[in-house]
Amino acid sequence: MRSIRRKTELLLLSSALLLFGCSEATAPPLPASGNASASRGGELHLASFADIKSLDPAVAADTLTGEIIELLFAGLVDFDDQGHVVPDLAERFERSDDGLVYRFFLREGLKFHDGSPITAKECARSIERALHPDTPSSFAQFYDHLDGFEEFNVKKTEDHIRGVVVEGERVLAIHLREADAAFLSIFAMQGVRPVCPSAGDKYDDTWQPCGAGPFKLDSWDRGRSARVVRFDGWREPGKPYLDAITYTYGMGLVTQRFKFEQGDLDIDRELLLADTFRYQSDTRWKPLGAYDIIPSIGGEEMNVEMPPFDNVEVRRAVAAAIDREQFRLVKTSALVTLERVLVPELGGDDPTFKKQKYDYAAALEHMKRAGFPYDPKTGAGGWPKPIVYPIYKQGLYESSAQVIQQQLAKIGLRLELKVVSYPTYLAMTKRRATVALSPAGWSQDFPDPSDFFDPIFASNQINDEDSNNGAFYSNPKLDDLLVRARRELDPAVRKKMYDEADTIVCDEAPWAMEYQYKYYGVHQPYVKGLRWSTVWPNFVRDVWLDKPRKVASRRPSVLGWMLGLLK
Amino acid sequence: MIKRALRRLAWALLVVWATTTVTFFINNVLPSDPARMVAGPQARPKDVERVRQQLGLDRPVLEQYARFMRRLVHFGPSTFDKKDPEHGSCANVWRVHIDLGKSYQQRRPVTTILGERLPRTVMLAIAAVLVQTLLGVITGLIAAVKRNTAVDTATVGASLVGISAPTFLIGLALQFVLAHRLRLLPLDGFGDTTAEHLVCIVLPALTLGIYGAAYYTRVVRDELIGAVKLDHVRTARAKGLPMWRVWIRHALRNALVPLVTLIGLDLGALVGGAIVTETLFRWPGLGALSVSALLDRDGPVIMGTVIVSSAAIVLANLVVDVSYAVLDPRVRR
């Protein structure tokens, strides 16, 4: 009896220790010194659970790498916070009336990080290097409107791109084979940004990254960290403010929070859901947090070549059966309801637009019209076979799949969830006649409506394997509209065309739109000058630190901690 | 003895080859596309196709396998330029070259990547085995000496918790208390200097060590309880030797023999990479590398880590076999 009691006491004591130990209060923000004006100096510390693979703009493709590339490599043009193209290394640019020629006029006296001058010739070399057929670039096709691209990159019959013309030491002209309203946005992306002469004419694995951005590479310890330091030859006098920025990679989310609260990280952009709520509900931290919204769309992709989604009425039923507000509750801190393709940031803000709406009665009616009536009272009817629904191990899909499963069951579509790895999910959903229904998402490559229509809804994107148009949706009217919209240079006319395209997609529903994703981040009070761009995530180029000379150590004593547990 | 060792060595090579071959084909029949993983989920199909050609993934699987095996160990020049397209991705000992190709994702020779990672993992494996052996032997000894008392119950109970608790839980708890709350140790990382490495290794080594020690405790305790009943130990006690000497000099020595097998196998397995612990503590070894390679379908890196892991386990088995033969004359016959 005594022994049992002792064991019980021990168990209770251990549980109490664990409970008290883990339910700690959020640490207070570290103080700022209160300076109103920006000052130079200091080092910013950031971290991510992921890792970067390459720092060569010609091949880097992921968002995380994009953050540091944005600091190391400046372009002739760049984006402002709203996603508009603005001059950067070029002091100005102009477009011919027919939209076929763009001219970029470089600023005077520009230098690369290695001190060599930036000329139009170097810019042309950098473009051809990035688009060279031997470069393992994942975005070369974005530039297929360039005059001579096909001969240079695909057929390999020409040694230079005909449309990239050096017209003077500081003038670069780009000729297109047909007008492309998205060209400037594409050109402002990071891939074709000027690289130092040491990069040569062709991509080389062993090249040490060197560009013309506001920071230059100091060190890169693969798999662990990268450090960039201020480039004193940057075109804006007095900027950037920071002496250096250190990125640490492969750091777990819990460790990131621990380090952030200890002051070893200055910004925490990768929060667990619980920590997001914790910071949002803490009055001390709430003003120091913000959402980063880079346009993206998420929804259900329905393969129009496979039953039952070859029937447009079934697709319409799905689009009407999804209660997006309920779906949003899966991750309220990160999801914004979406009912059409165009997100508000890209012009999808018309309140009169006829979106995909949740309407259960209409969904049942669509199922009836499709020939699969469903009786919610008895559960009889609907599509007779289970539908395989692949998901991969990722926080959102694992939860959202169950919501979709429940919502579609209410109209007689019974999903069978199949958990696979991410690479398998990608291969399955992009292969013809393999998956009838799957969760899908698309993030902005460049800020233009065409990036959300052309790759995923145009029929020329259909392939037996590797089909970005995973719905295998083909509509000649939409195809024609998208081609014309891409060429249209009048913004107002173009907007109408994309609204029309959006109407077609919402009605024929190869996708049922659901959400766009937003990322919450929190920073210490002494981090100033953070900007929220709709193109570049975690944009820290203009940050300055208002840190007191010495931040008091938060290291507690062992005794203090033990006493804290007893409180 | 030598004949036996050579026969075991031949078997070991066969096992590594079989593991490598099976992994190669599994990796290639999986319904996934490494080229897509390199190009990214949103790359346009033509770009994906170009990347596929550049990586040689458009060739038949058998041709890829034949090329891989031909290049794996071959002869070449004793000195060469790292930009040499023929030998740039090789590691060599004089004219013997090992070529595992280039990582699809990192675009660096796999031998270079493994050369960076392996010493760190070996360092962690040795530290972890030291911790678990030390802890396991001490607690096992205490439990055996104090058997059927509260101390024994507590030790056996704690070892049960240690065996049952996953390493990530032990790691997180240690990280929370020792690094976050008390700030006695760094939260994670590897450090830049030897002193920093030694400080940074404490938490991951403790995590792996506590997990392993729990099992060792039980083994040592049971072996000791059996050993004290042996004639020579009883004789030692009858002669009036001090009890600590009886336990340590006479009983423990016998009880440690089975532990040699466990230590050898654990060391081999840990050299293959302690995936969870390395990831949790950002220890840049083979475990963390193999996770990212698997997630990215980085074939050459997967092959490299599998070869190293299987070779480590096979080698550990070989060493254990040989050491048994040295320790126990009966095995030699």
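Every number here is computed from the coordinates shown, using simple stated rules; none is lab data. Keep in mind that what you see is a predicted model, and the values were worked out from it rather than measured. Ideal geometry is used to build each Cβ from the backbone, glycine not excepted, and the neighbour counts take in all protein chains shown.
Overview of values
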read-out: Kirkwood Rh, Cα atoms: Rg over Rh of segment A:315-361; value: 0.99
read-out: Percentage relative contact order, segment B:9-150, counting C-alpha pairs under 8 Å, at least six apart; value: 13
read-out: Whole-angstrom gap from segment A:425-466 to segment B:91-133, using each part's C-alpha centre; value: 38
read-out: Gyration tensor (alpha-carbon) shape descriptor, segment A:390-526, a/c threshold 1.5; value: oblate
read-out: Between segment B:160-191 and segment A:257-305, the Cα center-to-center distance that results, in Å; value: 25
read-out: Ranked list, fewest to most other Cβ atoms within 10 Å of each Cβ, for B:228, A:505, B:122; value: B:122, B:228, A:505
read-out: Shape of segment A:224-357, Cα gyration tensor, a/c cut at 1.5; value: prolate
read-out: Where trypsin sites (Lys or Arg not before Pro) fall in DSSP loop in segment B:214-285, at most 15 other Cβ within 10 Å; value: B:229, B:239
read-out: Average beta carbon contacts from partner chains per residue of A:131-138, 10 Å cutoff; value: 5
read-out: Inter-site label distance for residue A:286 and residue B:248 at 7 Å from Cα along Cβ, in nm; value: 6.3
read-out: Dimensionless Rg ratio for segment A:152-290, taking C-alpha atoms and the 2.2 N^0.38 Å reference; value: 1.49
read-out: Equivalent-ellipsoid semi-axes of segment B:95-189, from the Cα gyration tensor, Å, largest first; value: 39, 19, 12
read-out: Translational diffusion of segment A:303-397, µm² s⁻¹ [Kirkwood Rh, Cα pairs; Stokes-Einstein; 20 °C; 1.002 mPa s]; value: 140
read-out: Over the protein assembly as shown: helical MRE at 222 nm, DSSP H runs n ≥ 4 each giving -39500 (n - 2.57), nearest 500; value: -13500 deg cm²/dmol
read-out: Within 10 Å of each Cβ in B:27-36, the average number of Cβ atoms from other chains; value: 4
read-out: Relative contact order for chain A, counting Cα pairs under 8 Å that sit 6 or more residues apart, in percent; value: 20
read-out: Burial order of peptide ranges A:430-440, A:254-264 (average beta-carbon count within 10 Å, highest first); value: A:254-264, A:430-440
read-out: Number of partner chain Cβ atoms within 10 Å, mean per residue of B:43-56; value: 6
read-out: If the convex hull is drawn through the Cα atoms of chain B, its volume per residue in Å³; value: 187
read-out: Total formal charge among the other residues, if their Cβ is under 11 angstrom from that of residue A:542, Lys/Arg +1 and Asp/Glu -1; value: +2
read-out: Extent along principal axes [Cα atoms of chain A; Å; largest to smallest]; value: 93, 72, 42
read-out: Of A:354/A:495; A:155/B:46; A:357/A:518, those spanning more than 18 Å from alpha-carbon to alpha-carbon; value: A:357/A:518
read-out: Relative packing of peptides A:245-253, A:215-223 - highest average C-beta neighbours within 10 Å first; value: A:245-253, A:215-223
read-out: Interatomic Cα distance distribution for segment A:127-211, bins of 5 angstrom, percent; value: 3, 13, 25, 27, 20, 10, 2, 0
read-out: Mean Cα-pair separation over length for chain B, i.e. relative contact order, pairs under 8 Å, 6 or more apart, %; value: 23
read-out: Footprinting exposure proxy for B:69, A:306, A:513 (fewest neighbouring C-beta atoms within 10 Å first); value: B:69, A:306, A:513
read-out: Burial ordering of B:84, A:275, B:321, fewest other beta-carbon atoms within 10 Å first; value: B:84, B:321, A:275
